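Colleague: Structure incoming, see below.
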Amino acid sequence: MQRIVIVGGGAGGLALATQLGKRLGKKGLAEITLVDAARTHVWKPLLHQLAAGSFDTHAEEIEYLAQARWNHFKFRLGSLVGVDRHNKTVQLAASHDEAGREITPAQQLGYDTLVIAVGSQTNDFGTLGAAEHTIKLDSPQAAKRFNNRLINACIRAQTVPRSAGSGRLTVAIVGGGATGVELAAELHAAARVLASYGLDNIHPEKDLQIVLIEAAPRLLAQLPERLSESALRELRKLAIEVHTNEKVVEVTEDSLKMASGKVVSSSITVWAAGVKAGDFLTALGGDAPLECNRLNQLLVNGNLQSTRDPNIYAFGDCAACQQPDGTWVPPRAQAAYQQAMYLARALPRLSAGETAPPFVFKDQGSLVSLSEYSSVGSLMGSLTKGSFFVEGQLAKLMYWALHKQHQLALGGIKKTALITLSEMIDRTHRPRIKLH
Ligand SMILES: Cc1cc2nc3c(=O)[nH]c(=O)nc-3n(C[C@H](O)[C@H](O)[C@H](O)COP(=O)(O)OP(=O)(O)OC[C@H]3O[C@@H](n4cnc5c(N)ncnc54)[C@H](O)[C@@H]3O)c2cc1C
């Protein structure tokens, strides 16, 4: 039986394992194994909400083992560290618990077809002090670490007298892309809830100063200018300090220094600028390495096969896939999702020696959530012939629909409806912000 190994159970990999499990695994046509370094899946676009404490991971986390059992694939816990292309095996590092005790030993896993979907990490471009003094919002663990520091800092700030004209706590966010903008608004909303819970010395406008720093001339530089202006207007209404055209050149424990010489003090600094794939990808394949670009992404052809090995596929943030018009598929959840759906259809055909049309990314636009205050976005595609802009409640609804699309791919209609119902019930009796 054909062995298909998928490494990385994120926005793309888990959707692919689920679809292949249902199409091939259930009928005994292939053995599908999903490998992930973590035991549970959290949809990455929710990380800024996890960081602000405005959503409960336990309600949103998906247990890989249970998802595998329900959808006819196997799950292995492990971190990919190497690929032997000649013997068609992957090497997984040993995994350990918090106390350093070994959970699983180093393992080897054989494959006929390997799919790599290990995502990306935040890129600090080697900025002085960034590795030591910033939190990077690229994993649920990092988001939880940030949340703990935030809640502790808020509780501590209550005990410190407010000096005239200054706040007690400053959170600086480096990167005014979608992640930075969304986090800034989410933090403001979280502080409002905390104040209403009795941490009344943490007034979002007086005590928690949120500073957003962007090197480009405007926020949301990848999106149309009109969206940048809408987002900036909303953030200014919330008294969030925005610095554009300012490149951070050094981070210390309590401050940031810009190329212009400006210095901003900061109690907690989040780095939310730039993405790159893991360094380990450049060494995959040993003496016959797979081809990577300067962001460590694996280069793939139109069928998402790596350029040097047709039995190894890569997609999502860790892959570089050029489109017929010369542009590259962007590192976004909607791209990873579309590629997963494409591979679920194309991979069985390609493995059987048939041909399949190349993957074409359909940009459905971008939505940026400004927490409970608003959302802004642009929709693109054949239906709209160009792009049109959405704001407010309509954009909020569309942002919510993106997450529902992911849940649908993993659980089907019935389960998604039940999850939605339980979310609505939860909202009536759970605190809106997690305090631990
Ligand atoms: C805060 C935030 C907000 C975002 N908002 C949006 C949005 O609104 N819309 C949008 O389209 N995109 C958004 N994105 C981008 C989106 O999350 C990514 O593009 C998407 O998750 C990429 O999917 P993926 O499957 O390639 O990787 P991921 O979803 O990152 O999954 C990678 C998986 O691989 C596993 N893994 C990593 N290394 C290894 C290893 N060595 N061995 C085994 N497993 C490994 C990880 O544990 C993870 O489960 C956002 C990102 C962030 C951080």
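Colleague: What single numbered condition from (1) assigned to a strand (DSSP E or B); (2) under 21 Å from the mean Cα position of the chain (by Cα); (3) under 28 Å from THR355 (Cα atoms) fails to hold for THR269?
Modeller: THR269 satisfies every listed condition except (3).
Colleague: Give the number of residues within the stretch 335-364 that are touching a Leu at 6+ places or on another chain (Cβ under 8 Å) and within 12 Å of the ligand (Cβ to nearest atom).
Modeller: 4
Colleague: List every residue pair whose Cβ atoms sit under 9 Å apart, with the two residues 6 or more apart in sequence or on different chains, where the first one lies in the stretch 95-121 and is part of a strand (DSSP E or B) and the second, anywhere, is more than 12 Å from the ligand (Cβ to nearest atom) and aromatic (Phe, Trp, Tyr).
Modeller: Matching pairs, first to second residue: THR113/TYR313; LEU114/TYR313; VAL115/TYR313; ILE116/TYR313.
Colleague: Just one of the numbered conditions (1) crowded, with 21+ Cβ neighbours inside 10 Å; (2) touching a helix residue (DSSP H, G or I) at 6+ places or on another chain (Cβ under 8 Å); (3) at negative phi is not true of VAL5; which one?
Modeller: Here VAL5 meets the rest and fails (2).
Colleague: Name the pairs whose Cβ atoms lie under 6 Å apart, with the first residue in the stretch 344-355 and free of Cβ contacts under 8 Å to residues at least 24 places away in the same chain, the second not in a helix (DSSP H, G or I), and 6 or more positions between them or separate chains?
Modeller: ARG349/ALA356
Colleague: Checking the conditions here, which among THR269, THR252, THR307, THR244 is buried (at least 17 other Cβ atoms within 10 Å of the Cβ) and of a type in the set (Ser, Thr, Tyr)?
Modeller: THR269
Colleague: When only residues in the stretch 95-119 that are hydroxyl-bearing (Ser, Thr, Tyr) and surrounded by 16 or more Cβ atoms within 10 Å (Cβ to Cβ) count, which is farthest from the ligand (Cβ to nearest atom)?
Modeller: The first filter runs over the stretch 95-119 and keeps only residues hydroxyl-bearing (Ser, Thr, Tyr), leaving 95, 104, 111, 113.
Adding the requirement that they be surrounded by 16 or more Cβ atoms within 10 Å (Cβ to Cβ) leaves 95, 111, 113.
Working: SER95: 10, TYR111: 14, THR113: 17 Å.
Within the stretch 95-119, the match that is farthest from the ligand (Cβ to nearest atom) is THR113.
Colleague: Here is a further query. So which residues in the stretch 25-57 are small (Gly, Ala, Ser) and within 15 Å of the ligand (Cβ to nearest atom)? Working first, answer last.
Modeller: As a first pass, look at the stretch 25-57 and keep what is small (Gly, Ala, Ser): 25, 28, 30, 37-38, 51-54.
Once the filter is applied, which keeps residues that are small (Gly, Ala, Ser) and within 15 Å of the ligand (Cβ to nearest atom), the stretch 25-57 yields ALA37, ALA38, ALA51, ALA52, GLY53, SER54.
Colleague: Going through the stretch 229-259 one residue at a time, which ones are under 24 Å from THR134 (Cβ atoms) and free of Cβ contacts under 8 Å to residues at least 24 places away in the same chain? Spell out how you get there, then give the answer.
Modeller: In the first step, residues of the stretch 229-259 are kept if they are under 24 Å from THR134 (Cβ atoms); the result is 231-232, 235, 238-259.
Within the stretch 229-259, LEU232, ASP254, SER255, LYS257, ALA259 meet the criteria.
Colleague: Continuing with this model, one more query. Could you tell me which of the residues GLY53, GLY78 is closer than 28 Å to SER366 by Cβ and within 21 Å of the chain's Cα centre (by Cα)? Spell out how you get there, then give the answer.
Modeller: Numbers: GLY78 fails: closer than 28 Å to SER366 by Cβ.
On inspection, the qualifying residue turns out to be GLY53.
Colleague: A further question follows. Does LEU150 qualify as being more than 19 Å from LEU34 (Cα to Cα) and touching a Cys at 6+ places or on another chain (Cβ under 8 Å)? Walk me through it before giving the result.
Modeller: Values: more than 19 Å from LEU34 (Cα to Cα): yes; touching a Cys at 6+ places or on another chain (Cβ under 8 Å): no.
In short, no.
Colleague: I would also like to ask the following. Take the stretch 58-94 and flag every residue that is within 10 Å of the ligand (Cβ to nearest atom) and of a type in the set (Ser, Thr, Tyr).
Modeller: Result: TYR64, SER79.
Colleague: Scan (1) in contact (Cβ under 8 Å) with a residue 60 or more places away in the chain; (2) buried (at least 19 other Cβ atoms within 10 Å of the Cβ) for the single condition GLY78 breaks and write down its number.
Modeller: (1)
Colleague: Ok, one more. Does ALA221 count as of a type in the set (A, V, I, L, M), in a loop (DSSP other than H, G, I, E, B), modelled with pLDDT under 90 and surrounded by fewer than 23 Cβ atoms within 10 Å (Cβ to Cβ)? It would help to see each step written out before you state the result.
Modeller: Numbers: of a type in the set (A, V, I, L, M): yes; in a loop (DSSP other than H, G, I, E, B): yes; modelled with pLDDT under 90: yes; surrounded by fewer than 23 Cβ atoms within 10 Å (Cβ to Cβ): yes.
In short, yes.
Colleague: Now for a separate question. Quickly run through the stretch 284-334 and pick out the residues that are within 10 Å of the ligand (Cβ to nearest atom) and either of a type in the set (D, E, K, R) or at positive phi (or both).
Modeller: Result: GLY316, ASP317, ARG332.
The values are calculated or read from the model by the stated rules, or taken from the named source; none is laboratory data. Please read all numbers here as calculations on a predicted model, not as lab measurements. Using ideal geometry, Cβ is built from the backbone for each residue, glycine included, and neighbour counts are taken over all protein chains shown.
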